[in-house]
Amino acid sequence: MKKIAIMLASIAATIAVQNASAQQGNDDPANLGRYAEANTQLKASGARPDVVFMGNSITDAWPRVQPDMFSDGSFVGRGISGQVTAQMLARFQADVIDLRPMVVVILAGTNDIAENRGPVSLEQIAANIFAMATLARDNGIAPVICSVLPAAEYPWRRQITDVPAKVRALNAMLKEWAAANRCEWVDYHTPMADERGGLPARYAEDGIHPTAAGYARMTSIITPTIDALLR
């Protein structure tokens, strides 16, 4: 019953995003076109990536900052700047499942807290992430749920209050679900947070988007989990 509830809640969220975008004249609300050509080429080549990284701008920039990590095609980035979890869920089939990776790394939720597409409850954000993990597992892909990175505030949405508390609360939900469902959990937050509950300047000059040092730290945190899953 819990699995069905997660799926129904997430489908409702996705439909809401699609309806809102349709009203704004956007016929590709999840931006499926972003990776359509790359996905077609990858599938045509017969290659199967080991790991797909699903996320927002933090994941989007990762291959550019650390190109060597993604250069041989075993790691594939599928991040899109600004996206919320409902948009990621809507493109999860095309950008993850259809590529048949062994592992998917899901880093999502901060743009939902920032209300990039309007207010959304922490429970709904979590449900969308749980749905992605469940879809992955149902298709033979090992999901890795990552904590939301520390954030003291959002430079583009300073009206959002209590950001550190909201991030911690969402992370607690994700960690609890991962443990209950025997899903891999990776905690970026604890080793990277400063005294404000945000990212220090050495990890993110704007407090949100990682620097090269920030990505290096993230890589050191996630690599043991990926290596263990690929053995």
With Rg and the Kirkwood Rh both taken from Cα atoms, where does Rg over Rh land for the range 61-150? 0.96
I want the local charge near F75. Using Cβ-Cβ distances under 11 Å, sum +1 for each Lys or Arg and -1 for each Asp or Glu among the other residues. -2
With the dipole of the chain defined by +1 on each Lys or Arg Cβ and -1 on each Asp or Glu Cβ, the option from L174, V120, A108 whose Cα lies farthest towards the positive pole is L174
A correct fewest-to-most ranking of S57, S45, S147 by other Cβ atoms within 10 Å would be S45, S57, S147
In nm, spacing of pseudo-spin labels at T219 and I160 (7 Å Cα→C-beta vector): 2.7
What ranking of W177, W62 emerges when the number of other C-beta atoms within 10 Å of each C-beta is taken as an exposure proxy, fewest first? W177, W62
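Given a Förster distance of 22 angstrom, what is the FRET efficiency for R137 paired with R48, based on the Cβ-Cβ distance and rounded to 0.05? Before the final figure, lay out each step's value.
On the way: r = 17 Å, r/R0 = 0.79.
It comes out at approximately 0.80.
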Check G77: other-chain or 5+ apart residues with amide H under 5 Å from its amide H, H built from backbone geometry? F53
Can you tell me how much longer the chain between R231 and D68 gets when fully stretched, taken as 0.36 nm per residue apart minus their C-alpha distance, in nm with one decimal? 56.6 nm
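Determine, for each peptide in 112-123, 133-144, the mean count of other beta carbons within 10 angstrom over its residues, then list the peptides with the highest first.
Details: 112-123: 16.8, 133-144: 18.5.
Highest to lowest by the protection proxy: 133-144, 112-123.
Using 0.36 nm per residue of separation minus the Cα-Cα distance, give me the extension gain between D206 and M102 in nm, one decimal. Kindly include the intermediate steps, with their values, before the conclusion.
Working: separation 104, 0.36 × 104 = 37.44 nm, distance 3.34 nm.
This chain segment gains 34.1 nm when fully extended.
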Taking alpha-carbon centroids only, the range 192-217 lies from the range 157-180 a number of Å equal to 17
The chain - charge dipole about Cα centre, Lys and Arg +1 at Cβ, Asp and Glu -1, debye rounded to 20: 360
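Laboratory data are not the source of any read-out in this text; all were calculated from the coordinates shown. A quick note: this is a predicted structure, and the numbers were derived from the prediction, not measured. So basically every Cβ, Gly included, is an ideal-geometry build from the backbone, and we count neighbours across all protein chains shown.
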